[in-house]
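Notes follow once the structure below has been shown.
The values are calculated or read from the model by the stated rules, or taken from the named source; none is laboratory data. Computed from a predicted model, the values in this text were never measured in an experiment. For neighbour counting, all protein chains shown are included, and Cβ atoms are generated from backbone atoms with ideal geometry for every residue, glycine included.
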Amino acid sequence: MLLIREKQLANGLTLSFNDCSRPVAADRWFVKMCGEVKFPIAGVSWADSDQDDPELLVTIKGRLGDSVSLILNRERNFIDAEEKESVVTELIAQIEDNLVGYLSDPSFPQKLFVRRYEEVRKQCVLERLQQQAPVADEDDGPADFSACFRD
């Protein structure tokens, strides 16, 4: 990944553009532009729903880590080597035109945090339920269907 540029958003976050392109044939490229917005969790408020289950809250905090990020990928395949730079510029323009308004919204960090929190919470609860589930009895092998056949 090669950092191409960074753009400061109105809500204080930074949108980074990385070129993740790679050659696929002699003069052809797979052009991939990765935009990333990353912010620390310290600035957002935690949900109150899991305060009664501190073990679950500790597990969620451990999985989320110190920051939350959103990665935006735009890609094109089998691009001529001479056109690569113009395609990269076009993909950056697409991200800026379509998403900067949404990413710049002051409520965006909290909304993204709540979404990530819920994803991790569901995963933790599911894993907890799977660990508590009783182990199924061993299989006795195939059923006896001999009565279905005549000699």
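Observations
- Condition met for Ala93 (of a type in the set (Gly, Ala, Ser), within 29 Å of Met33 (Cα to Cα) and without any contact (Cβ under 8 Å) to a residue 40 or more places away in the chain): yes
- Residue list for the range 94-135, restricted to those being among the hydroxyl-bearing types (Ser, Thr, Tyr) and not in a loop (DSSP other than H, G, I, E, B): Tyr102, Tyr117
- Being more than 25 Å from the chain's Cα centre (by Cα) and of a type in the set (S, T, N, Q) holds for only one residue in Gln123, Gln94, Gln132, Gln110, and it is Gln132.
- Pick from the range 39-64, criterion loosely packed, with under 12 Cβ neighbours inside 10 Å and closer than 25 Å to Ser104 by Cα, ranking: modelled with the lowest pLDDT: Gly43
- Any chance Asn73 is in contact with a Cys (Cβ under 8 Å, 6 or more places away or on another chain), in a strand (DSSP E or B), of a type outside the set (Phe, Trp, Tyr) and surrounded by fewer than 17 Cβ atoms within 10 Å (Cβ to Cβ): yes
- Residue check, Glu36 at pLDDT 95 or above and not in a strand (DSSP E or B): no
- Residue count for the range 39-70, restricted to those that are part of a loop (DSSP other than H, G, I, E, B) and touching a residue at least 40 places away in the same chain (Cβ under 8 Å): 5
- Where Val100 falls short, out of the listed (1) over 24 Å from the mean Cα position of the chain (by Cα); (2) touching a residue at least 12 places away in the same chain (Cβ under 8 Å): (1)
- Residue within the range 131-150 that is hydroxyl-bearing (Ser, Thr, Tyr) and within 30 Å of Pro40 (Cβ to Cβ) present: no
- Residues satisfying the stated conditions in the range 1-32, i.e. small (Gly, Ala, Ser) and free of Cβ contacts under 8 Å to residues at least 60 places away in the same chain: Gly12, Ser16, Ala25, Ala26
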